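Just below is one structure, and these are the notes that go with it.
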Amino acid sequence: MKTVNANYFDGLSALQQAVALNIAQGQLEVRGEKLIRAEPLSNIRISAKLGSAPRLLNFAGGGHCEVNNHADFEALLRDAGVLPQSLLSRMEGSWRHALTATVLSIVIAIASFYWGLPWVANIAAGRIPDSVSLSIDTHFLDAVDKGLVQASQLSQARQKKLRKRFDNLRAMHGLPPHQLEFRSSKVIGANAFALPGGTVVVTDQLIALASNDEEVLAVLAHELGHVSERHPMRQLLQSSVVGLAMTWYLGDISSLLAAAPTMLLETNYSRNFERRADRYAASMLRENGIAPARLADMLEKLEKSHRGAVKESGEQPSRIARFLSTHPDTAERIRDLRGDGSRQ
Ligand SMILES: [Zn+2]
């Protein structure tokens, strides 16, 4: 028979007696050298487990036992079918479990943010109707036209020529028509970006930086790579969720609405998104008889141009100016694109 060692105090004297505890048929049996006592469990108040402090078993009729061997005592209670503590409180009793639970919660929160959120955003991005995506683009362009960018200085003939080549590029690849917009901007400088609805915007400054149309097309093909995988929409949805959470916390929706247009420009795509867009562009360019190395050439020029702009102004690059330029992976991307080109 399983027993647990304990000390018994009769409540009348300070004398302690070594006893063995056992539970049988709902009764706690206390056996010592000069003592045999049996009490129904319902008459005994058992103290909660507090670290390594002894558990106290107080008898309704006076007297108590002190138990130091926690593990054996709990095994005894379990064997008898008595579980005065829930699993949760037993877990709380142990700092190791508490620590594990805390670490686990943090890991789950981080995992939801890094994997759960992009996963949901990816699914949601595929379900947004075209009409909604296009109206987001219109809203975006309206907002940036009010300050961030100005009308393009490019001649209509030049715009028409580039639009035609852009159309050929995506048609050869079986991509549905996408809008190409020209703008000028000192703030964002030489730049190109895709909007959630698939509209691609390119600045006069980027076109001026390019040595030829093929370099411009290489950048546009890269942006179409983002469009084909819905990167801008996914990014917008993800930032919106974070933005909405912040808004809920701060209780002010106007700041979210005001920030929405620049949200896309300010967010750098992940390394993975950039590489996928590069790979997409490389294949699109090859189909059109353009070497993927043209994209590498442009990445190099963009990086130099933004670095120069930073030096000139003596200021830290704004987050917008860093777009597509000083990403630490740029050198690696350039190497890969050049390798791609030489295999042709
Ligand atoms: Zn990109």
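What follows draws every value from the coordinates through simple rules; no lab data is involved. Keep in mind it's a predicted model, so treat the numbers as computed, not measured. Glycine also receives a Cβ, built like all others from the backbone with ideal geometry; neighbour counts cover every protein chain displayed.
Points worth noting:
- Histogrammed with a bin width of 5 Å, the alpha carbon distances of segment 4-85 distribute as 3, 16, 28, 30, 17, 6, 1 percent, first bin at zero.
- Modelled this way, with points 7 Å down the Cα-to-C-beta line, the labels at V82 and R45 are 1.6 nm from one another.
- Backbone N within segment 190-219 under 14 Å of label point (7 Å from D130 Cα along the Cβ vector): 197-199
- Inter-part distance, segment 129-158 to segment 8-62, computed on C-alpha centroids, equals 81 Å.
- Cleavage-rule hits, trypsin sites (Lys or Arg not before Pro), segment 30-64, DSSP coil, Cβ neighbours within 10 Å at most 11: K34
- Segment 4-85 - charge dipole about Cα centre, Lys and Arg +1 at Cβ, Asp and Glu -1, debye rounded to 20: 120 debye
- The ranking of T330, T199, T138, T102 from fewest to most other beta carbons within 10 Å of each one's beta carbon is T102, T138, T330, T199.
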